[in-house]
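Asker: Before anything else, here's the structure in question.
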Amino acid sequence: MRFTVTSRGDDVSNTLQQKIKRYLLDFGLKLDEQEPDIVITVGGDGTLLHAFHRYTSRLEDTAFVGIHTGHLGFYADWVPDEVEKLVIHVAKTPYQIVEYPLLEVVVRHTDESESKRLLALNECTVKSQEGSLVSNVEIKGDVFEVFRGDGLCISTPSGSTAYNKALGGAILHPSLASIQISEMASINNRVYRTIGSPLVLPQHHTCLIKPLNQVELQVTIDHFTLAYKRVKSIQCRVAEEKIRFARFRPFPFWKRVKESFIGDS
Ligand code: NAP
Ligand code: MN
């Protein structure tokens, strides 16, 4: 089996990264940064997001595992103390795979026939670089509303605990193949009207964001931001691809939600 270990880059994570590499090499596994079967990330959820984007071209053949060296993460849910156990699991036992849905984003330009297809593990956000975002929101081919406000956030179920949660979105279990649209400070008065509630769309229901003013858009996919002039539409739906996590012990989603946001009491 081929593996790689990535790190957030701080001293604690780097040290642990080297330790895991040594352990796995001693067990006879092959270090392969190009085509790993398993990617172990050391740091936080952000570290796993980075690793995901590095290996999006081989999602079918790669499983991810996250270790957190800071606070408990949603993707990074192993503690450094468990590393020995984890390493033995990786090397010696076949592991279970848990799949989580992803978001597919297609950005189309007004003056080009070209389009850009991206995958997000957490979310895509659309904002205007100057002033409000003014855009049609189409759902399944019909105009649903005209949105005016700071922006829109379209998240995956596993991303629902991130930016989406800060926007008042619901937390969705990652077994629900769906996407959630939440608003950022929509303008609502007699003239402008938006639904105001987060919407959850099932698989195959496409959401199309069509800007009505020619402003430069800021499109964020997880941790990276792209700036676009002349956007015709941004299409969002549940992706065909999924991310695969290697599971060595149960740590149910709702338990992670509780431990992250409620605590022990
Ligand atoms: P960051 O600024 O370090 O991330 C912000 C926080 O979100 C970090 O504490 C991060 O955890 C956490 N996080 C990431 N994915 C999560 C998830 N699925 N569930 C719960 N928490 C999660 O930047 P980053 O680490 O590169 O992460 C990018 C993400 O930040 C974006 O995808 C977006 O969801 C989030 N974000 C949130 C807000 C907001 O809440 N107002 C604003 C902008 C961006 P770690 O510390 O473990 O990395
Ligand atoms: Mn982070």
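Asker: What number, in percent, do you get for the relative contact order of the chain if the mean sequence gap of Cα pairs under 8 Å and at least 6 apart is divided by its residue count?
Answerer: Values: 611 pairs, mean separation 53.5, N = 265.
That works out to 20 percent.
Asker: Between their Cα atoms, which of 210/242; 19/242; 21/85; 165/255; 19/85; 116/232 are more than 19 Å away from each other?
Answerer: Working: 210/242 26 Å; 19/242 29 Å; 21/85 14 Å; 165/255 17 Å; 19/85 13 Å; 116/232 12 Å.
Checking Cα-Cα distances, 210/242; 19/242 exceed 19 Å.
Asker: Moving on to the next point. In whole Hz, with x marking every Gly and Pro, tabulate ³J(HN,Hα) for region 61-70 from phi via Karplus 6.51 cos²θ - 1.76 cosθ + 1.60, θ = phi - 60°.
Answerer: After applying 6.51 cos²θ - 1.76 cosθ + 1.60, I find 10, 10, 10, 10, 9, x, 10, 9, 9, x Hz.
Asker: Is any helix in the chain, taking whole DSSP H runs, at least 15 angstrom long along its axis by alpha carbon and on average at least -1.0 on the Kyte-Doolittle scale, and which ones?
Answerer: Helices meeting the criterion: 11-26.
Asker: Turning to a different aspect of this structure: Given the Cα-Cα distance of residue 212 and residue 256 and 0.36 nm per residue of separation, how much length would full extension add, in nm? Intermediate results must be reported in sequence, preceding the final value.
Answerer: Numbers: separation 44, 0.36 × 44 = 15.84 nm, distance 4.02 nm.
Gain in length upon complete extension: 11.8 nm.
Asker: Checking the a/c ratio against 1.5 first, then a/b against b/c, what shape does the Cα gyration tensor give for region 1-89?
Answerer: Details: a/c = 1.62, a/b = 1.08, b/c = 1.50.
Oblate.
Asker: If R₀ is 22 angstrom, what is the calculated FRET efficiency for the pair residue 14 and residue 57, using the beta carbon separation as r and rounding to 0.05?
Answerer: Working: r = 26 Å, r/R0 = 1.18.
Efficiency at R0 = 22 Å is approximately 0.25.
Asker: In nm, give the distance between the simple-model label positions of residue 26 and residue 185, each being 7 Å from the Cα along the Cα-to-Cβ direction.
Answerer: Going by the 7 Å Cα→Cβ label model, 5.4 nm.
Asker: While we're looking at this one, here's another question. Which listed residue (181, 72, 16) has the Cα farthest towards the positive end of the charge dipole for the chain, taking +1 on Lys and Arg C-beta and -1 on Asp and Glu C-beta about the Cα centre?
Answerer: Of the listed residues, the answer is 181.
Asker: Work out the length of the dipole vector of the chain about its Cα centre, built from +1 on the beta-carbon of each Lys and Arg and -1 on the beta-carbon of each Asp and Glu, and round it to the nearest 20 debye. Display every interim value, and only then the final one.
Answerer: Values: 31 positive and 32 negative charges, 61 e Å.
The calculated dipole for the chain is roughly 300 debye.
Asker: Restricting to the chain, what percent of DSSP beta bridges are antiparallel, rounded to 5?
Answerer: On the way: 59 of 75 bridges.
Percentage antiparallel, nearest 5: 80.
Asker: Could you work out how much longer the chain between residue 241 and residue 84 gets when fully extended? Use 0.36 nm per residue separation minus the Cα distance between them, nm to one decimal.
Answerer: Working: separation 157, 0.36 × 157 = 56.52 nm, distance 3.12 nm.
Computed gain between residue 241 and residue 84 is 53.4 nm.
Asker: Follow-up. Let's test the formula: R0 of 35 Å, r as the Cβ-Cβ distance of residue 95 and residue 116. What FRET efficiency results, to the nearest 0.05? Don't skip to the end; give the middle numbers.
Answerer: Numbers: r = 34 Å, r/R0 = 0.97.
That gives a FRET efficiency of 0.55.
Asker: If packing is taken as the average number of other Cβ atoms within 10 Å across a peptide's residues, how do 74-83, 99-108, 195-204 rank, most packed first? Don't skip to the end; give the middle numbers.
Answerer: Numbers: 74-83: 18.3, 99-108: 20.2, 195-204: 14.2.
By packing density, highest mean first, the sequence is 99-108, 74-83, 195-204.
Asker: Which order do the peptides 87-97, 175-185 come out in when sorted by mean C-beta neighbours inside 10 angstrom, highest first?
Answerer: Working: 87-97: 13.7, 175-185: 20.0.
Those peptides, ordered most packed to least, come out 175-185, 87-97.
Asker: Tell me the label-point distance for the pair residue 175, residue 227, using the 7 Å Cα-to-Cβ offset, in nm and rounded to one decimal.
Answerer: Here the answer is 4.5 nm between the modelled labels.
Asker: Report, to the nearest whole %, how much of the accessible area of region 213-265 belongs to carbon and sulfur atoms, 1.4 Å probe, protein only.
Answerer: On the way: 1410 of 2850 Å².
Carbon and sulfur: 49 percent of the exposed surface of region 213-265.
Asker: Under the rule of -39500 (n - 2.57) per DSSP H run of 4 or more residues, summed and divided by the residues of the chain, what mean residue ellipticity at 222 nm is obtained, to the nearest 500 deg cm²/dmol?
Answerer: Estimated from H runs of four or more residues: -5500 deg cm²/dmol.
Asker: Please work out the average accessible area per residue across the chain, using the 1.4 Å probe convention, and give it in Å².
Answerer: On the way: 12530 Å² over 265 residues.
In whole numbers, the chain has 47 Å² accessible per residue.
Asker: If amide hydrogens are placed 1.01 Å from N in the peptide plane, which non-local residues have theirs closer than 5 Å to the one on residue 42?
Answerer: 6, 7, 8, 67
The values are calculated or read from the model by the stated rules, or taken from the named source; none is laboratory data. Keep in mind it's a predicted model, so treat the numbers as computed, not measured. When we count neighbours, we look across all protein chains shown, and the Cβ atoms used for this are built from the backbone with ideal geometry, even at glycine. Side chains are part of the model used for accessible areas, which takes the heavy atoms of the whole protein and leaves out ligands, DNA and RNA. Shrake-Rupley method; radii C 1.70, N 1.55, O 1.52, S 1.80 Å.
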